[in-house]
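Asker: Please read through the structure below; I'll follow up with questions.
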Amino acid sequence: MRALFIVNPQATTTTSRTREVILGALSSELDVTVAETEYREHASELARASAADGYELVVSLGGDGTVNEVVNGLLATPPELKRPRYAVIPGGSANVFIRALGVSGDPVEATGTIMEALRAGREREINLGRITSDRDDRHFTFCAGFGWDADVVQRVEHERANGRKATPALYAEVAFKLFFGGDIRDPSLSVRTRGGAVRDVYFALVTNATPWTYAGALPIQPTPASRFELGLDAFALTQASHPLTGWILSQMCFPKGLPARGDGYLTWHDQESLRITSPHPRAFQIDGEYLGEREEVNFHSVPKALRIVC
């Protein structure tokens, strides 16, 4: 089987030695071509061309940003070509997508899982989320967020550009600072579903799986019923006092996740589509990648969008 191995050389949790071990394992049973990413969206370009280049499988090594780029590239495969299957090896600081699939966050162990799945012919077909706006038309794998979490992502990207490593501790530090000093108290968001509209929302999150993210090894679950096989789930913070918001966040860390109903928030389950708007620009992210500010985004569930080897 011909496989394209897309490697992000800036992946935060892998070394050159680890990459050599992984490549050796893949090459033992696959005809592997290695392509290192050189700039933002390069992984998307490589994945988009993979079918035309005759590859049956695309494997990526990197974080959730690399995964998102590869997925969007694969979804752009021309309809007359057969889209390659996809396998993910984690190399980022959080690796939310692969861990939500139930695969180890350790890159060597994940490689072993991929090889076992290939031998057994095992794969999984999953749904994806899609965002559309006057500036966007792209897919996300596990989450999209308006407001506070996007502000956190933006600030962490700024810290990384200044030489800091993207660790769970850095995310926690930034989230804490913005919680007490940011615009989390801006109730400008509105969430519209088939059931109607909810206004005066401080922070909104749309998920395609659970967890939303991790605090180290601890999964954070605002929408614990979210699944890759279902439509989209959503969470909206409707009150923003520090004690209540802190309590809501603590509930997300419990093994069962946040209850579907409670004070200060709303949740929706298994939605085909929804819309989030704001009268002025708010920070927006997908899959942990900051996209800039938006005033309106439409969200859609895309059934059986991708074949994953895992």
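The values are calculated or read from the model by the stated rules, or taken from the named source; none is laboratory data. A quick note: this is a predicted structure, and the numbers were derived from the prediction, not measured. All Cβ positions, glycine included, derive from the backbone under ideal geometry; neighbour counts span all protein chains shown. Accessible surface areas use protein heavy atoms only, side chains included; no ligands, DNA or RNA. Shrake-Rupley method; radii C 1.70, N 1.55, O 1.52, S 1.80 Å.
Asker: Based on DSSP, what percent of beta bridges with both residues in the chain are antiparallel, to the nearest 5?
Answerer: If I count the DSSP bridges inside the chain, around 75 percent turn out antiparallel.
Asker: Another question, then. Under a cut-off of 30 Å between alpha-carbon atoms, report the lysines in cross-link reach of K165, not counting same-chain residues fewer than 8 places apart.
Answerer: K177
Asker: So, one more: Evaluate the stretch 1-125: find the radius of gyration of its Cα atoms, find its Kirkwood radius, and give the ratio Rg to Rh.
Answerer: For the stretch 1-125, the value is 0.92.
Asker: Also, quick follow-up: Please report how far the C-alpha centroid of the stretch 107-156 lies from that of the stretch 222-247, rounded to the nearest whole angstrom.
Answerer: First find each Cα centre; the distance between them is then 18 Å.
Asker: Roll a 1.4 Å probe over the protein chains and send me the accessible area per residue for the chain in Å².
Answerer: Accessible area per residue: 44 Å².
Asker: May I have the extent of the alpha carbons of the chain along their three principal axes, as whole Å values ordered from largest to smallest?
Answerer: Taking the Cα atoms of the chain, the three principal extents are 56, 40, 34 Å.
Asker: Fully extended, how many nm does the chain gain between A52 and R275 (0.36 nm per residue separation, minus their Cα-Cα distance)?
Answerer: Computed gain between A52 and R275 is 76.8 nm.
Asker: Please report, largest first and rounded to whole Å, the three semi-axes of the ellipsoid equivalent to the stretch 220-271, where each semi-axis is the square root of five times an eigenvalue of the C-alpha gyration tensor.
Answerer: 20, 12, 7
Asker: Any chance you could run the full-extension gain for D106 through S241? It's 0.36 nm times the residue separation minus the Cα-Cα distance, nm to one decimal.
Answerer: So the extension gain works out to 44.8 nm.
Asker: Hey, another quick one. Give me Rg/Rg_expected for the stretch 118-159, where Rg uses Cα atoms only and Rg_expected = 2.2 N^0.38 Å with N residues.
Answerer: 1.73
Asker: Starting from the Cα coordinates of the stretch 187-310, work out the convex hull volume and express it per residue in Å³.
Answerer: 123 Å³
Asker: Tell me the angle of helix 242-252 to the major Cα principal axis of the chain, expressed in degrees between 0 and 90 and rounded to the nearest ten.
Answerer: Helix 242-252 sits at roughly 30 degrees to that axis.
Asker: Applying a 10 Å radius around every beta-carbon, put 99-107, 135-143, 151-159 in order of their mean neighbour count, most first.
Answerer: 135-143, 151-159, 99-107
Asker: Another one. How high is the relative contact order of the chain, in percent, with contacts defined as C-alpha pairs under 8 Å that are six or more residues apart?
Answerer: Contact order relative to length: 19 percent.
Asker: Over the chain, with every protein chain in place, what whole percent of the accessible area is carbon and sulfur at 1.4 Å, could you tell me?
Answerer: It is 49 percent, rounded to a whole number.
Asker: Suppose R0 equals 35 Å; then what is the FRET efficiency for D136 and L249 from their Cβ-Cβ distance, rounded to the nearest 0.05?
Answerer: Efficiency at R0 = 35 Å is approximately 0.80.
Asker: A follow-up question, please. What list of ³J(HN,Hα) couplings, whole Hz, do you get for the stretch 86-92 from phi and the Karplus terms 6.51, -1.76, 1.60, once you set θ to phi - 60° and write x for glycine and proline?
Answerer: Karplus-based 3J(HN,Hα) across the stretch 86-92 equals 10, 9, 10, 10, x, x, x Hz.
Asker: In whole Hz and in residue order, list the ³J(HN,Hα) couplings for the stretch 124-133 that follow from phi through the Karplus curve 6.51 cos²θ - 1.76 cosθ + 1.60, θ = phi - 60°; x for Gly and Pro.
Answerer: 9, 9, 10, 7, 10, x, 10, 10, 9, 7
Asker: Skipping prolines and chain starts, which residues have an amide H placed within reach, meaning under 5 Å, of the one on I220, given they are 5 or more residues away or on another chain?
Answerer: Counting only residues 5 or more places away or on other chains, the set is W212, T213, Y214, A215.
Asker: Here's something else I'd like to know. At a Cα cut-off below 20 Å, give the aspartates and glutamates reachable from K256, other chains included and same-chain residues fewer than 8 away excluded.
Answerer: Straight-distance partners of K256: E229, D233, D270.
Asker: Kindly write out, for the stretch 215-230 in residue order, the coupling ³J(HN,Hα) from the Karplus curve 6.51 cos²θ - 1.76 cosθ + 1.60 (θ = phi - 60°), rounded to whole Hz, with x marking Gly and Pro.
Answerer: With coefficients 6.51, -1.76 and 1.60, one gets 9, x, 8, 8, x, 10, 10, x, 10, x, 8, 5, 9, 5, 8, 10 Hz.
Asker: Once you have the alpha carbon radius of gyration of the stretch 265-310, what is it after dividing by 2.2 N^0.38 Å, with N set to its residue count?
Answerer: 1.45
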